[in-house]
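**Q** Please see the structure below; I have some questions.
The values are calculated or read from the model by the stated rules, or taken from the named source; none is laboratory data. It should be emphasised that the depicted structure is a prediction, and the values quoted were computed from it without experimental measurement. Here the Cβ positions follow ideal geometry from the backbone for every residue, glycine too, while neighbour counts run over all protein chains shown. The accessibility values were calculated without ligands, DNA or RNA, using every heavy atom of the protein model including side chains. Shrake-Rupley method; radii C 1.70, N 1.55, O 1.52, S 1.80 Å.
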Amino acid sequence: MAVRYLSLFSGIEAATVAWQPLGWEAVAFSEIEPFPCAVLAHHYPSIPNLGDINKITEDDIKRLGAIDVVVFGSPCQDLSLAGKREGFKNGETRSGLFYKAVQIIEWCRKHSGTRFALWENVVGAFYSNQGRDFSEVIRAFTGCQYSVPKEGWQNSGIAYSAEQSLLEWRTLDAKYFGVPQQRRRVFALADFGDWTCRSSILFQQANNEFYLSTYEKDEKEATFECRESSRKGLSRSYAGCITSHTEKDLITVTNNQVIVCDENGFPKEDGEYLRAFSVVEKERMFGFPDNYTRIPYRNKPAKNCVIHARLKAIGNSIAVPQLKWIGQQMQQAFLI
Ligand SMILES: C[S@@+](CC[C@H](N)C(=O)[O-])C[C@H]1O[C@@H](n2cnc3c(N)ncnc32)[C@H](O)[C@@H]1O
């Protein structure tokens, strides 16, 4: 039977791009921003978008039927190291919408026997409110009140309560999953089922397939390959970038820009800045199909789709291969 999942704070649905090929079915989305909503309606017209998470009721959840997994990357502005770091603030901030998602997960467990909840967020989640926000994440999923460790939260860990559930968390970097960008994010996976007979999910070694994937799309400029830094001898700061050879030069696409490099992959001293990313390059950096976000929007045809809205929505998303890898591990757990 297909795994059925509910996706909250859906954005442009990295989860669905990752999990549809596994044969999983989305039961509903929840998204409010106009452009991501249009992307969802364009690609998944038969999957309901429940809109504002604050308005989702217990009855709505009951009506959705069986839900095996809830996935949610809640807003991160108040946890981000770059922001004011106000944290969850008892649900008063945007990041505090986390609590609303937790309530929905409780309804899902009550009415549909939900097994897993997967949360994705910025690493700032370990630090906001002196680490107390992450204690709240653990409490929400296991019922256990852990105080913040003296040395702070580590990049990975497990918490469990005998009666309730298990929470695994791990910081994963997208660059180790075959996409050309450095992007460290916390993934926390709660298992409300019988986790005693399965191996851990987030602590498995990433599959080699993800290290070696190659894009061979014939773009105007060049052929892009994504590679692990060590395989190409690139410096650490350029790890995981997209490189391409034109007749004259090696071009490197870093996290911010496209620049000309020497044959070893280091920026040339007179390193010419060529241009900003194209939207397709950004889609590839997250593992989306080319032009996934190029949709008809606001009465304009797809070819005129607004670039800044596409870039923003992609930038807020999750690297698809990371979710695919986690999905594959969950799939194994369902089979036990
Ligand atoms: C960090 S992004 C998640 C992106 C998503 N995981 C993806 O694959 O693209 C958070 C999303 O939550 C949405 N959001 C914010 N407030 C919301 C609300 N009250 N109800 C539903 N979605 C909301 C934002 O518009 C944004 O797209």
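**Q** Can we say residue 164 is modelled with pLDDT under 85, part of a loop (DSSP other than H, G, I, E, B) and more than 16 Å from the ligand (Cβ to nearest atom)?
**A** Here the answer is yes, as residue 164 does meet what is asked.
**Q** Sticking with this one: Can you tell me which residue in the stretch 155-174 is farthest from the chain's Cα centre (by Cα), limited to those that are farther than 16 Å from residue 120 by Cα and in contact (Cβ under 8 Å) with a residue 12 or more places away in the chain?
**A** Among those that are farther than 16 Å from residue 120 by Cα and in contact (Cβ under 8 Å) with a residue 12 or more places away in the chain, it is 163.
**Q** Moving to a separate point now. Restricting to the stretch 1-35, give me the number of residues that are in a strand (DSSP E or B) and touching a residue at least 60 places away in the same chain (Cβ under 8 Å).
**A** Residues in the stretch 1-35 being in a strand (DSSP E or B) and touching a residue at least 60 places away in the same chain (Cβ under 8 Å): 5 in total.
Conditions (1) open to solvent by 70 Å² or more (accessible area, probe 1.4 Å); (2) in the same structural domain as residue 71 (by TED's automatic domain parsing); (3) at pLDDT 85 or above; (4) of a type outside the set (Lys, Arg), marked per residue:
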| residue | (1), (2), (3), (4) |
| --- | --- |
| 171 | no, yes, yes, yes |
| 175 | no, yes, no, no |
| 179 | no, yes, no, yes |
| 184 | yes, yes, yes, no |
| 188 | no, yes, yes, yes |
| 191 | no, yes, yes, yes |
| 198 | no, yes, yes, no |
| 202 | no, yes, yes, yes |
| 215 | no, no, no, yes |
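**Q** Still on this model: Just one of (1) surrounded by fewer than 21 Cβ atoms within 10 Å (Cβ to Cβ); (2) out of contact with any Cys (no Cβ under 9 Å at 6 or more places or on another chain) trips up residue 160, so point out which.
**A** The single condition residue 160 does not satisfy is (2).
**Q** Looking at this structure, is residue 38 open to solvent by 20 Å² or more (accessible area, probe 1.4 Å), assigned to a helix (DSSP H, G or I), at pLDDT 95 or above and within 16 Å of the ligand (Cβ to nearest atom)?
**A** yes
**Q** Can you find, within the stretch 300-323, the residue that is least open to solvent (accessible area, probe 1.4 Å) among those that are among the charged types (D, E, K, R) and without any contact (Cβ under 8 Å) to a residue 24 or more places away in the chain?
**A** Taking the stretch 300-323 first, the residues among the charged types (D, E, K, R) are 300, 303, 310, 312.
Now drop any that are not without any contact (Cβ under 8 Å) to a residue 24 or more places away in the chain, which leaves 300, 303.
Values: 300: 109, 303: 147 Å².
So, considering only residues that are among the charged types (D, E, K, R) and without any contact (Cβ under 8 Å) to a residue 24 or more places away in the chain, the one least open to solvent (accessible area, probe 1.4 Å) is 300.
**Q** Sticking with this one: Within the stretch 44-59, how many residues are under 23 Å from residue 309 (Cβ atoms) and away from the ligand (no atom under 12 Å from the Cβ)?
**A** Qualifying residue count for the region: 4.
**Q** Select from the stretch 127-150 the residues that are of a type in the set (Gly, Ala, Ser), in a helix (DSSP H, G or I) and free of Cβ contacts under 8 Å to residues at least 24 places away in the same chain and list them in ascending order.
**A** Of everything in the stretch 127-150, those that are of a type in the set (Gly, Ala, Ser), in a helix (DSSP H, G or I) and free of Cβ contacts under 8 Å to residues at least 24 places away in the same chain turn out to be 131, 135.
**Q** Separate question: Just one of the numbered conditions (1) farther than 30 Å from residue 169 by Cβ; (2) surrounded by fewer than 17 Cβ atoms within 10 Å (Cβ to Cβ); (3) modelled with pLDDT of 90 or more is not true of residue 297; which one?
**A** (2)
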